[in-house]
Each structure stands twice: as C-alpha cells, then as structure tokens.
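Working notes, structure below.
The values are calculated or read from the model by the stated rules, or taken from the named source; none is laboratory data. None of these values were measured; they are calculated from a predicted model. Cβ placement follows ideal geometry from the backbone for every residue including glycine, while neighbour counts extend to all protein chains displayed.
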C-alpha cells in the first residue's frame, strides 16, 4: 500500500549496509558499535553516499539508542530495513 512506510527509500548499497550495522549495534547494545555507525553515517552524508533523508532517519535511530532506548532503536532499525522490501 502506498503511504504505509515510515522510512525513506534507500538509494545505495551504502545505505543498506548502514541500516544493517545500526541494527547490529542496537540489538547488541554496543556503545562502541553505535559510535562507529554514527561516524559512518556522518561520513556517508558528507560524501553524498546517502541522501539527507536517509541520514536523518539513521541519525534519529542513533539518538534513540544514545538515550538508552536500545530496544526501541533496534525495532526502529529493523522497521527501516523492512521498509526497503518492495
């Protein structure tokens, strides 16, 4: 159905890789992995490897995890990945 997706469509393999890495960081509750993903998202945005909408969505999930809501962030990153299925 049109309009049912919460997250933007990922335009590149890099975006998909970041979603996977973010899910892994959140599901394992790893602050080190989360920091690595945050740096990678920032770099990918700067290099134009992901769109602003993709980076904003990833950053929102990172912020959620940084606030201690690991479960919610893992669920959100999973939903982001699921929204990529056509």
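Scanning region 60-77 for residues that are in a helix (DSSP H, G or I), out of contact with any helix residue (DSSP H, G or I) (no Cβ under 6 Å at 6 or more places or on another chain) and over 15 Å from residue 30 (Cβ atoms) yields a total of 3. Within region 62-83, the set of residues being surrounded by fewer than 17 Cβ atoms within 10 Å (Cβ to Cβ) and closer than 11 Å to residue 7 by Cβ comprises 78, 79, 81, 82.
Restricting 30, 12, 77 to residues that are at pLDDT 95 or above and over 10 Å from the mean Cα position of the chain (by Cα) narrows the list to 30. For region 1-57, residues that are surrounded by fewer than 20 Cβ atoms within 10 Å (Cβ to Cβ) and under 17 Å from residue 70 (Cβ atoms) total 13.
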